[in-house]
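The values are calculated or read from the model by the stated rules, or taken from the named source; none is laboratory data. Because the structure is a prediction, the values reported are computed rather than measured. So basically every Cβ, Gly included, is an ideal-geometry build from the backbone, and we count neighbours across all protein chains shown. Each accessible area value is taken on the protein alone, full model and side chains, heavy atoms only, with ligands, DNA and RNA left out. Shrake-Rupley method; radii C 1.70, N 1.55, O 1.52, S 1.80 Å.
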Amino acid sequence: PEDTVTSSFASFIHGARPDHLSKTVRHRSKRMILDSIGVGLVGSTTHVFDIALRYCRELYSPVAVSSVYGKPGVKLSPTLAAFTNGVATHSMDFDDTWHPATHPSGAVLPALLAASQMLPPGTKPTGMDFLLAFNVGLEVQGRLMHFSTEAHDIPKRFHPPSVVGTMGSAAATAKLLSLSRAQCCHALGIAASLAGAPMANAATQAKPLHIGNATRLGFEAALLAARGMEANPFILDDIPGCSGFSAFYGVYQPKPLPAPGDHHEFLLEKQDIAFKRFPAHLGMHWVVDAALSVRNLFVHYAGSFSPALIRTIVLKIPVSKYINRPFPSSEHQARHSFQFNACAALLDGEVGLGSFTESSIHRQELRELLDKVVVEHPEDNVANFDKMYGEVALLLHSGDVLTGKCDTFYGHWRKPLSKESLLKKFRSNASHVLPEEKIEALITTVDNLENLSDSSQL
């Protein structure tokens, strides 16, 4: 059918061209690619990544053509490499975040990297082809999230990248593989049947599987469509009495996606991305900056940070059940705990990779601070990454009260990381598995991605 929401998406995927990407979109998306590779590389050092890699290597006999983050000489079948690298990207919750809330890069980039290596010599996509496919995957994710007001708030039911990320991966891979318009439509329909993961698995080792599955299953949807599999051609439309993609949202109002060209503006042009300075749920970045602010006041007040002077720590945060964790017992719970991240920032003056080790989590002095925390939920502090704030108040035994507040942390799309800060993060992450010369070569390659003749070199 020509005049449907689904067909408009298929037409967009099929018709997008490199010249449709503005300078701003190319610049922002290259920052995302570099950051995502960095967090994937450091993520390849985690226990949950090792589980996923061992699973793929032991249970499958792959056509080993696609590379794995952080493991020189190890290759897997393309879809399993995408899965494993997707797990690495989200294994520390260190990957980028968009608004409405999702992790867009990790659901798309691993599939494109694996697909680039899968294609035979003479048919390799160029760097510009790669960049275009990446942005098609981002655009589809963003447009789908804008179809529901529910998607604008911190999620309660489905983890967004497991839903829109699967669709974005299918769209991006379909573009990279040059699928026909009809095949693009079927790829989206197939992907919708492979999407979705519940929020209850947040703060567990299963959460990184959401990204791994999104990038892998979207990739598989495109491959199935390329081989002739068909799906419902109305999958994105709102058909009364028969849910398609609307099954994931209580409120769903789809709109056609404008054809790419002079009058189409990519969402990445309008809405930048949040890059995380430390590996934890995005909501933690507000309370950490607020905690660091009040810690500075406290040090100025008392001469040093002295927990014994504190009677109560009041956190003013939005209502969000899965990130309200008073006493986390694992690294994944700690990454999803307002209380833990605020207290770690107060105690150490920073939050970083080392904050989430078992020894750091179970420190007695940290537990003593957690015992002092009281949580409040002001009505004006809504569970929305574009509107929320974090506030940390220290009620001292002397009767004095010190307060720190953050409504836009450094790294938020309203306050983007500088080039220097992004490169510092990338170099730090990549240094866990790569020598300096390869790190610098990667930076140069991504920076000049438009000129790369063979994207599989990435």
Going by what's in this entry, would Ala203 be described as at positive phi and either crowded, with 19+ Cβ neighbours inside 10 Å or modelled with pLDDT of 95 or more (or both)?
yes
Exactly one condition in (1) in a loop (DSSP other than H, G, I, E, B); (2) within 22 Å of the chain's Cα centre (by Cα) is false for Gly354; which is it?
(1)
Mind checking which pairs have a first residue in the stretch 427-445 that is farther than 24 Å from Thr126 by Cα and modelled with pLDDT of 95 or more and a second that is open to solvent by 60 Å² or more (accessible area, probe 1.4 Å) and in a loop (DSSP other than H, G, I, E, B), Cβ under 8 Å, 6 or more apart or different chains?
His432/Thr45; Val433/Thr45
Of the conditions (1) farther than 29 Å from Ser398 by Cα; (2) of a type outside the set (A, V, I, L, M, F, W, C); (3) open to solvent by 30 Å² or more (accessible area, probe 1.4 Å), His281 fails just one. Which one is it?
(3)
Any chance you could count how many residues in the stretch 373-405 are more than 16 Å from Phe298 (Cα to Cα) and either outside the structural domain of Phe338 (by the TED database) or in a loop (DSSP other than H, G, I, E, B) (or both)?
13
Of (1) more than 27 Å from Pro18 (Cβ to Cβ); (2) assigned by the TED database to the domain that holds Thr97; (3) not acidic (Asp, Glu), Ile273 satisfies all except one. Which?
(1)
For the stretch 226-246, does any single residue satisfy the condition of being hydrophobic (A, V, I, L, M, F, W, C), in a helix (DSSP H, G or I) and within 18 Å of Lys175 (Cα to Cα)?
yes
Restricted to the stretch 295-336 and to residues being under 18 Å from Glu368 (Cα atoms) and among the aliphatic types (A, V, I, L, M), the residue surrounded by the fewest Cβ atoms within 10 Å (Cβ to Cβ) is Ala308
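To keep it simple, each residue is scored yes or no on (1) of a type in the set (D, E, K, R); (2) outside any helix (DSSP H, G or I).
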site: Lys175; (1), (2): yes, no
site: Ser178; (1), (2): no, yes
site: Cys184; (1), (2): no, no
site: Ala195; (1), (2): no, yes
site: Ala200; (1), (2): no, no
site: Ile211; (1), (2): no, no
What are the residues in the stretch 339-354 that are open to solvent by 10 Å² or more (accessible area, probe 1.4 Å) and under 12 Å from Ala280 (Cβ atoms), if any?
Val351, Gly352, Leu353
